[in-house]
Amino acid sequence: MIKLLALDYDWTMLDYSAHKPAFSQDLLDYLTRFIAAGGIAGIVSGRTEESLRHEASANGWDWEAPFPSFCVLQEAYAKVPQDALAELNLQNRRKIDALSRQLSHFVDPWLTIFAERGLPPQTWSLSSSYPLAFEFSSPAEASKAWPVLEQCLASAHLDACRIHRNCHILALYHPACCKGSLLKAVAEHYGIAPGEVLAIGDSLNDATMLDGEYGFYCGAPENADPLIRSLVLSRGGKLGKGTAYTGVLDIYRQYRDEHLLPF
């Protein structure tokens, strides 16, 4: 039986198909009911807590009342009650800070290489709490830039560094600080086995919690990146019919029909 639900936020919980981002009361009601029945349900996002709280307020729902039970923030930090994973967060912050210091030496030459290939990023960012990220004009352009960044990374010999794409953003991350590893830590905190966790996401930065390395059940909504959809299918996961939250609710229905969710 699935005891923990983990959801990406943008384009998984939140639907951007219309002019205004849409949130589903039906999904919130389901998550609230799941928590009331003794389950754990949370958000696994690249966003900060402040950003997520703002979105909750804008969409008319009360944060932690009772959803979300937990959050994974900036893909690298876990927020659970009583700040029980503070030491892990501190360790991850140190790893990311060290990686960012190393990456700082490569920003200028890599930007030059992107420009020479006709793929100049629109913006880029680097901080002590999140490694280097390049924002391109479109997902297609980010996809073209990915092999270029792979070559750059190989030449730099930075073993403690990986690449993922989130829509039009290419980001570098420490392999110990990713959605999958943080979700594993959250599940362990609650005493929940990997085979009792269901993770749902839509983009390539969700791959570490969907690829089977940690043993979670997985799902992806209809709007998910084609590579994520293929990954989920290869794992025997569920593809939801519908965009974002509509697809999420359909995934829950499919797992319910297999008697892995209570309702």
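What follows is calculated from the coordinates using simple rules that are stated; it is not laboratory data. What you see is a predicted model, and the numbers here were worked out from it, not measured in a lab. Every residue, glycine as well, gets a Cβ built from its backbone with ideal geometry; the counts of neighbours run over all protein chains shown.
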Among 79/241; 3/238; 3/241, the pairs whose Cα-Cα distance exceeds 27 Å are 79/241
Karplus (6.51, -1.76, 1.60) ³J(HN,Hα), θ = phi - 60°, over the range 184-189, in Hz, Gly and Pro reported as x: 4, 5, 5, 4, 4, 4
Give me the tail of P(r) for the range 90-173 as a percent: Cα-Cα pairs with distance above 21 Å. 22 percent
Using the Kirkwood formula over every pair of different C-alpha atoms, what hydrodynamic radius in Å results for the range 1-93? 13.9 Å
Treating the Cα atoms of the range 144-263 as identical point scatterers in vacuum, please give the log10 of the normalised Debye intensity I(q)/I(0) at q = 0.19 Å⁻¹, two decimals. -1.04
Centre separation in Å (Cα based) which lies between the range 200-250 and the range 95-161: 26 Å
From phi via Karplus (6.51, -1.76, 1.60), per-residue ³J(HN,Hα) for the range 152-166 in Hz, x at Gly/Pro: 4, 5, 4, 5, 7, 6, 9, 5, 7, 7, 9, 10, 9, 10, 10
Once you have the alpha carbon radius of gyration of the chain, what is it after dividing by 2.2 N^0.38 Å, with N set to its residue count? 1.00
Environment charge at residue 14 (Cβ cut-off 12 Å; Lys +1, Arg +1, Asp -1, Glu -1): -3
Over the chain, the sum of -39500 (n - 2.57) across DSSP H runs of at least four, divided by residue number and rounded to 500 deg cm²/dmol, gives at 222 nm -12000 deg cm²/dmol
